[in-house]
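Notes follow the structure.
The values are calculated or read from the model by the stated rules, or taken from the named source; none is laboratory data. As the structure is a prediction and not an experimental result, all values here were calculated from the model. A quick note on method: Cβ atoms are made from the backbone with ideal geometry, for glycine too, and the neighbour counts reach across all protein chains shown.
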Amino acid sequence: MEILVCVKRVPDTAENEIEINSDGTDIERDDLVYSVNEWDNYAVEEAIQIRDKVGGSVTVVTVGDEESDEVLRREMAMGADKGIHVNDEALESTDGLGIAKALKAVVEKGSYDLILTGAQADDGCAQVGGMLAALLDLPYASLVNYIEVVDDKTLKIGREIEGGSQEISEISMPCVLSIQTGINEPRYVGIRGIRKVAGVDIPEMDLSELGLSEEEVAPRVKRLDYFVPEMGEGAEILEGDMEEIAEKLVELLKAKGGIK
Amino acid sequence: MEMALTPVAKISLLGISGAVFAVLIPLIGIGAFAYIMARRLIPLAKAQPDPRFDRVGERLKGLVKYWLGQYKHPRYLVAGIIHIVIFAGFLILSVRSISLVIIGFKPDFVFPGLGGFLGSIYDFLKDYAATFVFIACIVAAIRRGIFTPERYKVPEKYGKDHTFEALFVLGLISSLMIFESLYSASLVAAQYQAGLHPEYLPPLTIAWFFAKILKGAPRGLLQFLNTASYFAHDLTFFFFLCFLPFGKHFHVITSIFNVYFRKLDRGKVKPVRWGITEEELDELESFGVKYLEDFTWKHLLDFYTCVDCGRCADNCPANTVGRPLIPRFLTIKARDHIFKRFPVVGEISPREPLIGTIYEEDEIWSCTTCGACEEECPVLNEYIDKIVDLRRGMVDEGMVPQSLQKPLNALTKRGNPYGKMEKKRADWTKSLPEGIKVPVVGKKKQVETLFFVDSATSYDERLNEIARAVVQIMTVCEEDFGILGKAEKDSGHEVRRFGEEMLFQTLKEHNIDAILSSGASRIVTADPHAYNALKKDYEGIPPVEHISEYILRKIKEGRLRFKPIDDPTLVFTYHDPCYLGRHNLLYDVPRQVLDSIPGLKRVEMERCRDRSFCCGGGGLMLFYEPVEEQRMGQVRVRMADEVGANRIVVACPFCLVNLEDGVKTTGFEGKIQVMDLTELILKQLIIE
Amino acid sequence: MSREIFAYIEHADGVLDDSALELINAARKIDDSAKVVALVFGSGDALNKASEEAAKTYPEVWKVESASLTYPNAEVVRPMLVNLLPKGCVCLIPHDTFGIDLGPGLSVKLGASYLPDIVDIDKVEGDKMVVVRQEFAGQVHTHVECDMREGVVVTVRPGSFEADESKSESGTVVDKSAEAGEVDAKRKFIEVKEAEAGDVDITAADILVSVGRGIGEEENIEIAEELAEALGGVVSCSRPIVDAKWMDRSRQVGTSGKTVKPKVYIALGISGAFQHVAGIKGNPFIVAVNTNPKAPIFQVADVGVVEDLLEFVPVLTEKVKEMK
């Protein structure tokens, strides 16, 4: 099975307080570290596992600047066979649809049975996979947490829905799936693995090589600024030492919470 | 000289001279043994190199202390004494055994040097030796068969009980004693009867008893017994010899080598492969142990030498809390795997990955590297290097639990397992008392003494207290010191021991550069893991001291004086951290520090010093999620309670975290308090 | 000029999802003179009931019935919507697992812009609409502008607009099944595997003591259990606790867990990420304990305690016991 996985390089937000820069045009990026989008990593692991079971190859593609090269290499160190880097200045300010169009051009240059994306990335839009499927006129499923290969034209999939339940469907290939975290346990990629792929060739493509014009990827949706909303009143913070706070709290629980 | 009985050499058996059998049996026996040994050596030849041929003086001293002196055996007193008796007996009887073999075809053979007076002394000794060995075997058999101490038990998933093998061998040894004694006794009885001067049998020995019983026996019977017991001994002896390499009694042959080739340096981790430098690491095809042949020959020898005593497992904290790791079975499973793949008779089978066949992933991740197993093993088997090597293999294959991947990725990106920003590494200095400052070293600021804080102490709010205490102590001592601040990355101690060697190398290179550019001539740290890393894993940096050593020095210099403990109800106990105690032999220094505080009542837990019980582990171990029945910290806190302590003093940030958690979850909150040595010192310090 | 605004109504067994009553208010904020049309897709009696219910809030309801809609399959709904929706319209969908499935592809097929997971509408000026979104797991807000000339598909975060409970409308229900057409989708629904019921039903509890990442380690959950016991409540948790396998999924409060309606909700070491808070309904008395005074949970809590929960909670438990 030929599998294409779309990956994105994003800032690592877990422990770090994301802050907005002084003029509100972007977040403070100076102290940020970047890594592959967590959802995308699950997708690559899934692709590798499918390939190991049924044969074929896994290609990872990213749309981004020079630095994005590192996430492609990391996923190749993990086990992806090939990488494709789409890099064009015009794409740096595009919107989700623009990214999806660029990816469509990549897909059309190859022949893939399965295209995977992560369910969402740092901006929480969860859109590129669905848009790509529509552009390619392929069936789509989002938030996929289970994939079973039925035959070379069909997959049985599970989607994560509300309440933690799972919606089971059958989908025909070729198709596009967006992958939810927890679908598998991604393998570890150490420094050694990354060093091994440091010299591997990753072809770069720009818009013209993809056959796209700048107008086609001009954004229709634009981020205007970053801001911190005015805080509403919020909670009444209890003061005092722990004993005092606990006493006050117990009173409140009785009064407002109905605890007897 | 007239013989009371016909010697074996001259006896006619089925028309053939006894001497022929007496030559054939040893020939076949030794031949078979040589073949078996050659087969057993094959896997060692295929294994990885291990340079153990240096430091001959140290090795010989070790041989005398641990092999000849059986130094570790009395740690379990009853078993220890039994074994020492059997071992000493074997050594003494080895001469007799050789003589006996030769007497079979050369009846007047006397062992060189043992003619005359020395020979009589020897004969005297050997009979007692045989008797004591026999008694020891009976005691051992009863103990093993009827009382079956816990540590010998075999959990169901590891197969059948090993009791039969043990009793069988005890039976073989006892038989050897019996046959040897019977051989002597029958001759003496015959000599007696023939009016010849009987050889002396020391009173109350087995031979002596036999001689008494056989005094009146018919000569024919005596002759029969003499010949029969000779060949019984001969056959049993060579059978036993050939049996040894098939089970735990292989140690009878290999232990002398295993002890000689022992690991000389505590706390150090072997390189990925001996003979490959750090620069050449990138060229290696594979890291770590994935298949049996990836172990070094010494590690395979360890597997052969394991005596299946269970002392390691008995002291292993992971085993105690119900994790899937039992050190004894790590070894026994590997040994059985060698036997299976490299049989004495049959084809050598192809290699198979160890993880997933004989080992489980969690089994290998469960180890805290505390070293209790290695401390205990009477034949000086090593464990930590093997576990690190197995982990290297798993890391190489990407088989790392998700719970560890997060901190490893954070260490790669941020130089600390928490993923917190580098620039916040020294934020703990902001809450120092008024007027106390800690310079951050660099090109513009050089200092005498570098305080290496490491990640946990830098980023964990509770552990910041330790850092601030160290700073205040050093300030009182007017030390010219500083910290690396955001230039400091994790020491990488656990990174290495969890198998991520390349990440460790990266952290180490970075830190060495930072340390050298500080201009410091001395490093002090309050983190025993950092201490061990800097001392053993790093090279080319100034000498390292643990804060307890620093404090003791300053006490002796008269720079630190303490207020007495005014609360008479406080009972303190000191918990030895694994990486100060066992790995670095720093047992007394922290105790001396505590004893310098007037009025401090201190008791020792039963498990103290080299028998200290690991708190749960440090570094990456804090992130690992084991399957266990209880926490090590909980077990340790109960041990403190058992000796009536209400204050536990630790000298390690991880011990502090683990034991405090232990107190919170065992209902001792409010009754037992845990504190770091530095906190206690600061509290009692008289500051002018 | 009134825009054509459509709202996709989610429903099950004839009962409307909470989001259905929220979308109307979002629509009104875009253009309060617009006649908002509810889109109700499904089959059988349940569809009829849902359509009637929607008509109490929306002036017009487009009902689409099909045998292939016994279960809401976005791959079926999407082409039908393409057949039905006029060019240039605004289509509002809830940003939930169905909306995420439907929305992006729908915007492409309609040739419209796409605005996912909005939490507010800032303004509409001519053909431009500015909405508010969040990024980086809710750590920052952004204003996003979109060109509406070719229409726009907007997915709205549930709970970000107030629900209109008035039910004062008497809308007309129009059957649009024929226009929607039949679809032979390449994705066929098989079944739903319900999440396993755990030992405790947190959705039935009146008092919940909920633990989040701030609990630190698995064994500390005991501290929460003691508080819950003293209060007569039950322990629940946020997603990270379930991912770490410290508690069963049946204890998880949030969008991928359970929706709870307690009277008292004590959040220990929970940051207050949207996905978790969205699972708390019914306006309970919320107490938050967290060492970070900037944690979003303090926005939704009634009362806050900025202390280390590991130290504070045992003290609180003692006081509760004393009171009892």
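Of all residues being hydrophobic (A, V, I, L, M, F, W, C), more than 9 Å from chain A (Cβ to nearest Cβ) and farther than 17 Å from C:Arg213 by Cα in the range C:273-290, which is surrounded by the most Cβ atoms within 10 Å (Cβ to Cβ)? Just the residue, please.
Checked the range C:273-290; the qualifying residue surrounded by the most Cβ atoms within 10 Å (Cβ to Cβ) is C:Ile280.
Which ones in the range A:212-260 are more than 7 Å from every other protein chain (Cβ to nearest Cβ), within 18 Å of C:Phe298 (Cβ to Cβ) and assigned to a helix (DSSP H, G or I)?
Across the range A:212-260, the qualifying residue is only A:Lys248.
Considering each of B:Cys367, B:Cys373 in turn, give the residue that is assigned to a loop (DSSP other than H, G, I, E, B) and either surrounded by 22 or more Cβ atoms within 10 Å (Cβ to Cβ) or within 14 Å of chain A (Cβ to nearest Cβ) (or both).
Just a single option satisfies the conditions, and that option is B:Cys367.
Do any helices (runs of 4 or more DSSP H) lying entirely in the range B:589-687 carry at least 3 residues that are more than 27 Å from the chain's Cα centre (by Cα) and at pLDDT 95 or above, and which ones are they?
Fully inside the range B:589-687 and qualifying: B:677-684.
Can you tell me which residue among C:Lys294, C:Lys258 is touching a residue at least 40 places away in the same chain (Cβ under 8 Å) and over 21 Å from A:Ala255 (Cα atoms)?
Of the residues listed, the single one that is touching a residue at least 40 places away in the same chain (Cβ under 8 Å) and over 21 Å from A:Ala255 (Cα atoms) is C:Lys258.
Out of the residues in the range B:94-142 that are over 39 Å from the mean Cα position of the chain (by Cα), part of a loop (DSSP other than H, G, I, E, B) and of a type in the set (Gly, Ala, Ser), which is modelled with the lowest pLDDT?
Among them, the one singled out is B:Gly115.
Within the range C:10-42, take every residue that is modelled with pLDDT under 95 and in a loop (DSSP other than H, G, I, E, B) and give me the one that is farthest from C:Glu125 (Cα to Cα).
Among those that are modelled with pLDDT under 95 and in a loop (DSSP other than H, G, I, E, B), it is C:Asp13.
Starting from the range B:153-169, take each residue that is polar (S, T, N, Q) and list its partners that are assigned to a helix (DSSP H, G or I), counting only C-beta distances under 9 angstrom and pairs at least six apart or across chains.
Listed by first residue and then by second, the contacts come to B:Thr163/B:Arg144; B:Thr163/B:Gly145; B:Thr163/B:Tyr152.
Results for (1) closer than 30 Å to C:Cys146 by Cα; (2) within 14 Å of chain C (Cβ to nearest Cβ); (3) touching a Ser or Thr at 6+ places or on another chain (Cβ under 7 Å), shown as yes or no for each residue.
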{"residue": "A:Ser68", "(1), (2), (3)": "yes, no, yes"}
{"residue": "A:Asn87", "(1), (2), (3)": "yes, no, no"}
{"residue": "A:Ser93", "(1), (2), (3)": "yes, yes, no"}
{"residue": "A:Leu97", "(1), (2), (3)": "yes, yes, no"}
{"residue": "A:Leu103", "(1), (2), (3)": "yes, yes, no"}
{"residue": "A:Asp113", "(1), (2), (3)": "no, yes, no"}
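Looking at the structure I just gave you, is A:Ser57 in contact (Cβ under 8 Å) with a residue 24 or more places away in the chain, surrounded by fewer than 22 Cβ atoms within 10 Å (Cβ to Cβ), under 18 Å from A:Leu132 (Cβ atoms) and more than 14 Å from every other protein chain (Cβ to nearest Cβ)?
Working: in contact (Cβ under 8 Å) with a residue 24 or more places away in the chain: yes; surrounded by fewer than 22 Cβ atoms within 10 Å (Cβ to Cβ): yes; under 18 Å from A:Leu132 (Cβ atoms): no; more than 14 Å from every other protein chain (Cβ to nearest Cβ): yes.
No; evaluated as a whole, the condition is false for this residue.
Checking the condition within 14 Å of chain C (Cβ to nearest Cβ), crowded, with 19+ Cβ neighbours inside 10 Å and among the hydroxyl-bearing types (Ser, Thr, Tyr), which residue from B:Thr666, B:Thr678 passes?
B:Thr666
Regarding C:Glu182, is this residue assigned to a loop (DSSP other than H, G, I, E, B), away from every other protein chain (no Cβ under 14 Å) and surrounded by 17 or more Cβ atoms within 10 Å (Cβ to Cβ)?
No.
State all residues of the range C:18-40 that are among the β-branched types (Val, Ile, Thr) and closer than 18 Å to C:Val64 by Cβ; if no residue qualifies, say none.
C:Val36, C:Val37, C:Val40 - these are the residues of the range C:18-40 that are among the β-branched types (Val, Ile, Thr) and closer than 18 Å to C:Val64 by Cβ.
Considering only strands (runs of 3 or more DSSP E) fully contained in the range B:483-578, which possess at least 3 residues that are touching an Asp or Glu at 6+ places or on another chain (Cβ under 9 Å) and crowded, with 17+ Cβ neighbours inside 10 Å?
Hits in the range B:483-578: B:522-525.
Which of the residues belonging to the range B:346-386 are among the aliphatic types (A, V, I, L, M) and free of Cβ contacts under 8 Å to residues at least 40 places away in the same chain?
Matches in the range B:346-386: B:Ile358, B:Ile364.
Need at least 1 residues that are within 8 Å of chain A (Cβ to nearest Cβ) and either surrounded by 19 or more Cβ atoms within 10 Å (Cβ to Cβ) or of a type in the set (Ser, Thr, Tyr) (or both) per element, so show me which strands (runs of 3 or more DSSP E) inside the range C:89-145 make the cut, counting only ones lying wholly within it.
Details: elements: C:90-94, C:113-118, C:120-125, C:128-135.
Here the list reads C:113-118, C:128-135.
Tally time: how many residues in the range C:5-22 are under 16 Å from C:Leu102 (Cα atoms) and in contact with a Leu (Cβ under 9 Å, 6 or more places away or on another chain)?
Total satisfying the criteria: 6.
Being over 26 Å from B:Val289 (Cβ atoms), in a loop (DSSP other than H, G, I, E, B) and assigned by TED's automatic domain parsing to the domain that holds B:Leu91, is that true of even one residue in the range B:53-70?
So far as the range B:53-70 goes, yes, one or more of its residues are over 26 Å from B:Val289 (Cβ atoms), in a loop (DSSP other than H, G, I, E, B) and assigned by TED's automatic domain parsing to the domain that holds B:Leu91.
Check B:Lys406, B:Lys445, B:Lys424 and return the single one that is in contact with a helix residue (DSSP H, G or I) (Cβ under 8 Å, 6 or more places away or on another chain) and either surrounded by fewer than 20 Cβ atoms within 10 Å (Cβ to Cβ) or not assigned by TED's automatic domain parsing to the domain that holds B:Leu463 (or both).
Values: B:Lys406 fails: in contact with a helix residue (DSSP H, G or I) (Cβ under 8 Å, 6 or more places away or on another chain); B:Lys445 fails: in contact with a helix residue (DSSP H, G or I) (Cβ under 8 Å, 6 or more places away or on another chain).
Just one listed residue meets the conditions, B:Lys424.
Within the range C:257-270, count every residue that is away from chain A (no Cβ under 11 Å) and over 18 Å from the mean Cα position of the chain (by Cα).
The number of residues fulfilling the criteria is 3.
Pull up the range A:128-183, narrow it to residues that are at the interface with chain C (Cβ under 9 Å from one of its Cβ atoms), β-branched (Val, Ile, Thr) and not in a strand (DSSP E or B), then point me to the one that is farthest from C:Ala112 (Cα to Cα).
A:Thr181
Restricting the range A:3-56 to residues that are outside any loop (DSSP other than H, G, I, E, B) and more than 20 Å from the chain's Cα centre (by Cα), which is farthest from B:Asn416 (Cα to Cα)?
Among those residues, the one meeting the criterion is A:Val54.
Within the range C:297-324, track down each residue that is in contact (Cβ under 8 Å) with a residue 12 or more places away in the chain, part of a helix (DSSP H, G or I), within 9 Å of chain A (Cβ to nearest Cβ) and not hydrophobic (A, V, I, L, M, F, W, C).
The answer is C:Gln299, C:Thr317.
Run down B:Pro433, B:Pro417, B:Pro378 and say which single residue is in contact with a His (Cβ under 6 Å, 6 or more places away or on another chain) and not in a helix (DSSP H, G or I).
Only one candidate qualifies: B:Pro378.
Kindly indicate which of C:Ala34, C:Ala55, C:Ala38 is in contact with a strand residue (DSSP E or B) (Cβ under 7 Å, 6 or more places away or on another chain), touching a residue at least 60 places away in the same chain (Cβ under 8 Å) and either buried (at least 24 other Cβ atoms within 10 Å of the Cβ) or within 25 Å of C:Ser107 (Cβ to Cβ) (or both).
Just a single option satisfies the conditions, and that option is C:Ala38.
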